[in-house]
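The values are calculated or read from the model by the stated rules, or taken from the named source; none is laboratory data. Keep in mind that what you see is a predicted model, and the values were worked out from it rather than measured. So basically every Cβ, Gly included, is an ideal-geometry build from the backbone, and we count neighbours across all protein chains shown. Surface accessibility is based on the protein's heavy atoms, side chains included, excluding ligands, DNA and RNA. Shrake-Rupley method; radii C 1.70, N 1.55, O 1.52, S 1.80 Å.
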Amino acid sequence: MAGTTSNPSAGLGTCPKTKGNATAVVGMQWGDEGKGKLVDLLSAEHDVVVRYNGGANAGHSVVIAGQRYALHLIPAGILSKGTLAVIGNGVVLDPDTLLKELDTLQSRGVDTSGLVISANAHVVMPYHKDEDAAREDTLKSGAGDSPLTEIGTTRRGIGPAYADKVQRAAAVRARDLLRPELLRARITQACRFKAPILGKQPDVEAMVATATAWGKRLAPMIRETTYLIHDQLRAGKRVMFEGANGTLLDVDHGTFPYVTGSSTGTAGIANGAGVPPTILTSAIGVMKAYSTRVGTGPMPTELSGDIAHRIRERGREYGTTTGRPRRVGWLDVVALRYAAMLNGITSLSVMLLDVLAGFETLRVCTAYQLGDGSTTDRFAADGAELAAAKPIYTDLPGFMDEIGAARSLATLPTPARAYLDFIQEKVGVPIGFVSIGPDREQTIIVGA
Ligand code: IMP
């Protein structure tokens, strides 16, 4: 296919917002911040894009020249011509989703020859998805007499695949898809472990046949990626690390247990790609101009009623992966400050500002009131503690006009600029990008 296809990203020229040769792009909220758009935008000035965490739970959508591309596993950087797109060892790989994504991209003329998969990435097997669903159903059915509710996972097998990685004995890695005897042994062992959880014996032969077929198709892409990434860095190439999900869903630092199974922030890059933590030269924090969350778990600024409905419809806040309507809320700078601190964010990318046009007042949560009446400006990385926190708001004037055609900060309405200034001041990190619509052109690069 290479040579007959052309990737849609035309390139935005040099962007002054990333310096050095190792850029991180991470989500600062509960996922869906718009990372795909930013990664696509910055791909033109990077040679390599690496996904380091998560799996097919993520949904990155990119709109280029009015065409929407929805990606779950393949790094959004693939849309930029000539980019090496690496699925790192920290990703849990769902070959079914990956192959569908590849087929779709190829049928739309995208050159996918730059895709490389780490031999050490763990494979999401069909029984992982079944286990994910079984656990969620069990939690749901016990909800009446238990303080534990379901997590509201995407049911893509993420947690069980990461759990098997840590359990080790029956985990399947991408490299195992190419080793028939070992593959059979691992799948047989895994099915023995899974039978009591699933209440049935998974069909080993069917599973082996499926995995063998995956291996055949993926073989040309499965490589050692740790040295590959280091070689690229040593050769002076620019590498971007594309985070999936969001900081508040981080397995250690998020709103546990209502989190995903991976390290979603910059800390996940070292393990998930095999690079030292000192490698990063820029860390871009992607945030929406308001908050959204999918699944259960606390969200202090959550809205209901008319305002929620308006934001949801204007922002098309429905999951890229599951189609679930997202919960929406006002901006929470307590959470954002926490995310900036954890990730060492060097510049902010504020997405979907256009969605907030038409509201007379914009509320921003700057502190929480706790159950004992005290106030705090610190985030609680615990589901139960955060559930007791009530938002304390600062109200700012809204902007009534649509802003999708603005191409500089100067052409934004004064209240929109004041809203951005407020974010910058309260989070304590400069804003580098403002997105005011889904298209690439609808992006203001601050100071460019
Ligand atoms: P899991 O990652 O499928 O196990 O889901 C765990 C939690 O993370 C659930 O609340 C999901 O809705 C949420 N989640 C996982 N990935 C994403 C994402 O990319 N965007 C938004 N929420 C996500």
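Within region 105-131, residues that are in the same structural domain as GLY159 (by TED's automatic domain parsing) and among the charged types (D, E, K, R) have Cβ atoms under 6 Å from residues that are assigned to a loop (DSSP other than H, G, I, E, B) and surrounded by 18 or more Cβ atoms within 10 Å (Cβ to Cβ) in these pairs: LYS129/GLY157, counting only partners at least 6 apart in sequence or on another chain.
For ALA171, are the conditions met, namely being within 16 Å of the ligand (Cβ to nearest atom) and either part of a strand (DSSP E or B) or not basic (Lys, Arg) (or both)? Spelling it out, it is not the case that ALA171 is within 16 Å of the ligand (Cβ to nearest atom) and either part of a strand (DSSP E or B) or not basic (Lys, Arg) (or both).
Checking each residue in region 391-448 for being open to solvent by less than 60 Å² (accessible area, probe 1.4 Å), farther than 15 Å from CYS365 by Cα, of a type outside the set (A, V, I, L, M, F, W, C) and outside any loop (DSSP other than H, G, I, E, B) picks out PRO415, GLY432, SER435, ASP439, THR443.
For the criterion of being open to solvent by 30 Å² or more (accessible area, probe 1.4 Å) and in contact with a His (Cβ under 9 Å, 6 or more places away or on another chain), LEU352 fails. Of the residues making up region 106-146, those that are within 22 Å of the chain's Cα centre (by Cα) and charged (D, E, K, R) number 3. From the set of residues in region 217-246 that are farther than 15 Å from LEU93 by Cα and without any contact (Cβ under 8 Å) to a residue 60 or more places away in the chain, which is surrounded by the most Cβ atoms within 10 Å (Cβ to Cβ)? Among them, the one singled out is HIS230. So for region 142-151 (the condition being away from the ligand (no atom under 12 Å from the Cβ), in a helix (DSSP H, G or I) and touching a residue at least 12 places away in the same chain (Cβ under 8 Å)), does at least one residue qualify? No, because not a single residue in region 142-151 is away from the ligand (no atom under 12 Å from the Cβ), in a helix (DSSP H, G or I) and touching a residue at least 12 places away in the same chain (Cβ under 8 Å).
Filtering LEU386, LEU362 for residues that are in contact (Cβ under 8 Å) with a residue 40 or more places away in the chain, in a helix (DSSP H, G or I) and open to solvent by less than 40 Å² (accessible area, probe 1.4 Å) leaves a single hit, LEU386.
None of LEU73, LEU84 is open to solvent by 10 Å² or more (accessible area, probe 1.4 Å), in contact with a strand residue (DSSP E or B) (Cβ under 9 Å, 6 or more places away or on another chain), at pLDDT 90 or above and under 20 Å from ALA121 (Cα atoms) except LEU84.
Considered as a group, the residues in region 156-177 that are charged (D, E, K, R) and free of Cβ contacts under 8 Å to residues at least 60 places away in the same chain include one that is least open to solvent (accessible area, probe 1.4 Å), and that residue is ASP176. Only one of the numbered conditions (1) within 16 Å of the ligand (Cβ to nearest atom); (2) in contact with a Ser or Thr (Cβ under 8 Å, 6 or more places away or on another chain) is violated by VAL239, and that is (1).
Is it the case, given these coordinates, that ASP130 is modelled with pLDDT of 95 or more, in contact with a Lys or Arg (Cβ under 9 Å, 6 or more places away or on another chain) and among the acidic types (Asp, Glu)? Here the answer is yes, as ASP130 does meet what is asked.
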